[in-house]
Amino acid sequence: METLSLEFKVNGQEHKLSVTPNKRLLDVLREDLNLIGVKEGCSVGECGACTVIMDGKIINSCMVLAGQAQNSEILTVEGLEKEEGKLHPLQQAFLDAGAVQCGFCTPGMLMSSYNLLQSNPDPDEEEIKDAIAGNFCRCTGYKQIIDAIKLAAERMNRQS
Amino acid sequence: MKADVINKSSNRVDGYEKVTGKAKFGADINFGNQLYAKTVYSEYPRAKIKKIKLNKAKKLDGVVEIITAEDVPGTNEMFGRFPVLAAEEVKYVGDGIAVVAAESQEIAKKAVKLIVVEYEEIEPILDMKKAVKDTKELVHSDKEDNIIEHSHHLMRKGDIEKGFKGADVILERTYYTPFVDQAYIEPEVVISIPDPYRKGIEIHGSIQNPYSVQENIAKVMDHKISEVKVIHSTIGGSFGGKDESVMMMAARTSILAERTKRPVKMVLTREESMTESCKRHPYEMNYKIGAKKDGTIVAIQDEVYTQGGPYNNKAMFANWRGSVHATGPYQVDNVKTDYYGVYTNTIYGGAYRGFSAPQTVFGIESLIDELAEELNMSPKEIRLKNCLKPGDTFATGQKMGKDNIPIPLKEIIKEVCEKADYEKKVKKFKEYNKKHSEIKKGIGISCTLRGAGLGGEGIDTAGATITIDKDGSITLISDLTEMGQGMRTAHAQIAAETLGVSLERLSFINTDTSIIMDGGPTVASRGTLAGGQAVIAAGKKLKDRLKKVAAEKLNCDKEVIIIKNDQVYEYDNVNNMIDFDELIGVCIAEKGISLSAQGWYNPGPEELSEETGQGNAYPTYVYGCAVTEIIVDTKTGEVGVEKIIAGYDIGTPINPQQVKGQLYGGILQGLGYGLMEEFEQKEGYLKTDNFDDYLIPSIKDIPDINVILFDFEDDFGPYGAKSVGELGIELVAPSLVNAFKNATNNRIREIPLNLERASLGKNLSK
Ligand code: FES
Ligand code: FES
């Protein structure tokens, strides 16, 4: 079968992989790079469990083919914890605010929130809602997720 | 007693893994040399299987094994009549016919398409009422009718005829609810591997109830129960749902694993999950209520049909709970209820958070509002007048408010209404609606009581083992599963509190059927209630051993030893102390004491009469009241939920933040139930099978939610805690339709209150 040589940067690290061109980015991340924090919930671009950041934009990795990620820069949940045990303020805030229950939506939620805070360090409630409108959570009712994002923003703003 | 660890919002004990992406859910677990399994599903809601042609698929490169019903080594009928694979007849579109095991997911996918099944179509039995009346057309030919075995539950209290004779008004109303999905974001996964060390099979996956899987798979595989070991992975939500489907998956992958001697993994797609997994049973509730002019309810009769699909192992339990709760939280002298589960050739009903309550509470709380309208009373007053108070008797004849079991409905209703500014808003919205013809505002109430734990449904046993290691670290294992609800954190807090140590010492391991005995399923909001008691029992045993050794060491009486905040000392003589870690060292190295203890909780069975349903249904109850405000665009039918104020008495919250999280989550699922969720079926085929057509609430749908926690003292549960998991979901749909009536003067008796129903103001399908 025809293969594609995929060169991209994931969580700050360069990779060169040989993959079938019709492979989804989701599968490349999970299977080839063992980044299991990227989750699959619906496979049709509806639930947001597979959310990663590609070139500064939120994408559903189940809807992107490997080829489309050529030369891109990708960030997954694994890239948020800079070193073992040193959590990103968002991760810590998700814990502190009770924003995690089963945790299956959490990696995607974190990536959408991360992307929001990158461009908007002090979002209001509506902006938070817009930013994670594409991420389903069935457990929390979202309220404590909003609290967590606010808390993280506040802590990050205080730090800087 | 002042608590050190409980009643505090500490962070989840399993949170770090979840925010870093390290937690392993079923799909993240892989074993070397594993195969991938995929099921061939029925193409018809009902048909005879004439021929299964496997040839082409078998020849496909990478296909290792294919099984059909013939290959099931033991029984092909699991609890509730679920077949591992359909043998002669398919009875719904989710029936499996064959399963492929292949070297990759892609090959398995290709192979199932190459399998050709020849069928002879049979007219499916789809309509629940028809299935009840027509006993010639049967879903199961070995039965005499289509009523699910043991699913008829009833309640007989007082004299129903006399009750209605004494009524000034009598209303008869029918309410309907749809099939809905738990819609956990993680689809089901099961991996079966031949036990590497002994004869038998090991099963991993997103399994809510490991012991029922173990028992059923033993029968399917013709193994002893001890030869089947089940360990659940991190579970991405379940809400009652990861049960029958994972049982079938475990059966299929176990057969393949034994035949191929390789690990076999099955990951459901969302479409497969929605087709094959259980749903909330649809209900048809035929109510009749009689009341005096002053609003006193004198009689309630309810005949309920609950749709089961072709196989069912829950209707017999859910219907009992339903029959107990059918008259709601009200004092009613004369009661007659009958619940029947019905077989149909459709998707099937099972457990989903609430387990009959969301349907029943929608019915009874709509009915009470209709009665209030008829009598020209306020919805609040009619509830205050009739709600159960100390000394009243529940529908089962149980005396309420005895033995320190509080019954604070009146207080809760009053306070929630006050916080919601109920009376003022009713007036304000009336004025508003007079002035506005298109946009209407409404406010609605609902209230509930819910039996905590299994009650008369089964024995509420639970087990837990606590082990203290040499360095003072502590491992906890429960026979109950963590699915996201936060049970582990609650258990760890309870263990730490009981032992007198800090939470940081505690860690948890996943339930493994081979190391802890089956204490019953993780259902009925009993994780804290029953599981917490088992943890206390284990903790107390260990603490007693520790105190004995400490007393010897400190030269004082065992009774005056205090263990608190990781310190061990003599009461009133704090300086006579020993460090906790040091004490552990003494116990293990010097004294040879076992620091592993099992706690077992057994409250004994609740006694109820089968003929009348009378008796003590539950040892204690939880309560709630919600007020919901909505805004309706009568042109488009759009219903916006603006605000929900809900108060709950769930006892002492072990972890207030997580308790609130459970309630928020439940409330939003309740909002989905009331407003948008519904499985569409046509002629037995499923029209909705993924999140693009089965709509669940997104963050854009959340109203302003205000949860109030009451804590009326109740001695029954662990440290005063009761049940929380299911309570949140049940109040939303009824308060929503009541608010809709308030806004538009249209009464909706079938949920969801979607655009069509809201804009036309009537039921379309019934
Ligand atoms: S798995 Fe990609 S959006 Fe659901
Ligand atoms: S925490 Fe379970 S889906 Fe969000």
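Just so it is clear, none of the values below were taken in a lab; they were calculated from the coordinates. Treat the numbers as computed from the prediction; the structure is a model and nothing was measured. We place every Cβ from the backbone using ideal geometry, glycine too, and count neighbours over all the protein chains shown.
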Scattering profile of the range B:104-241 at q = 0.16 Å⁻¹ [log10 I(q)/I(0), Debye over alpha-carbon scatterers]: -1.23
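Within 10 Å of each residue's Cβ, count the other Cβ atoms and sort A:His88, B:His140 from fewest upward. Present the calculation step by step, with values, prior to reporting the outcome.
Values: A:His88 20, B:His140 16.
With the fewest neighbours first, A:His88, B:His140 line up as B:His140, A:His88.
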P(r) of the range A:4-79 over all Cα-Cα pairs, binned every 10 Å from zero, in whole percent: 22, 61, 17
Cut-off 12 Å between beta-carbons: net charge of the residues surrounding B:Gln657, Lys and Arg +1, Asp and Glu -1: +2
Net charge, B:Ala218 excluded, C-beta distance under 10 Å - Lys, Arg +1, Asp, Glu -1: -1
Binned Cα-Cα distance frequencies in chain B - 20 Å width, integer %: 16, 47, 31, 6, 0
³J(HN,Hα) computed for each position of the range B:623-634 - Karplus, 6.51 cos²θ - 1.76 cosθ + 1.60, integer Hz, glycine/proline x: 9, x, 8, 10, 10, 10, 10, 10, 10, 10, 9, 5
10 Å Cβ neighbours from other chains, averaged over peptide B:181-191: 4
Rounded to 5, percent antiparallel among DSSP beta bridges of the protein assembly as shown: 80
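If you place +1 on the Cβ of every Lys and Arg, -1 on the Cβ of every Asp and Glu, and leave all else neutral, what size is the dipole of the protein assembly as shown about its Cα centre, to the nearest 20 Debye?
On the way: 112 positive and 135 negative charges, 172 e Å.
Computed charge dipole of the protein assembly as shown: roughly 820 debye.
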Links that overshoot a 30 Å alpha carbon limit, given the list B:Lys540/B:Lys591; B:Lys402/B:Lys540; A:Lys143/B:Lys399: A:Lys143/B:Lys399
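When averaged across all projection directions, what area in nm² does the alpha-carbon convex hull of the protein assembly as shown cover?
39.8
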Of B:Lys59/B:Lys110; A:Lys9/A:Lys82; B:Lys38/B:Lys58; B:Lys109/B:Lys265; B:Lys8/B:Lys564; B:Lys385/B:Lys643, those spanning more than 18 Å from alpha-carbon to alpha-carbon: B:Lys385/B:Lys643
Relative intensity, log₁₀ I(q)/I(0), of the range A:41-133 from a Debye sum that treats every alpha carbon as a point, q = 0.18, 0.19 Å⁻¹: -0.87, -0.96
Dipole axis of chain B (+1 Lys, Arg; -1 Asp, Glu on Cβ), positive-most option in B:His436, B:Tyr719, B:Tyr176: B:His436
Exposure proxy ranking, count of Cβ atoms within 10 Å, fewest first, for B:His281, B:His491: B:His491, B:His281
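Mind jotting down a quarter of the surface of the convex hull over the alpha carbons of the range A:89-159, in square nanometres, one decimal?
The directionally averaged projection comes out at 4.0 nm².
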Charge sum, other residues only, whose C-beta stays under 13 Å from B:Asn706's C-beta, Lys/Arg counted +1 and Asp/Glu -1: -2
Span from the the range B:507-550 Cα centroid across to the the range B:313-364 one, whole angstrom: 31
Beta bridges per DSSP with both ends in the range B:292-399, % antiparallel, nearest 5: 15
Alpha-carbon spread of chain A, three principal axes, descending order, Å: 50, 32, 25
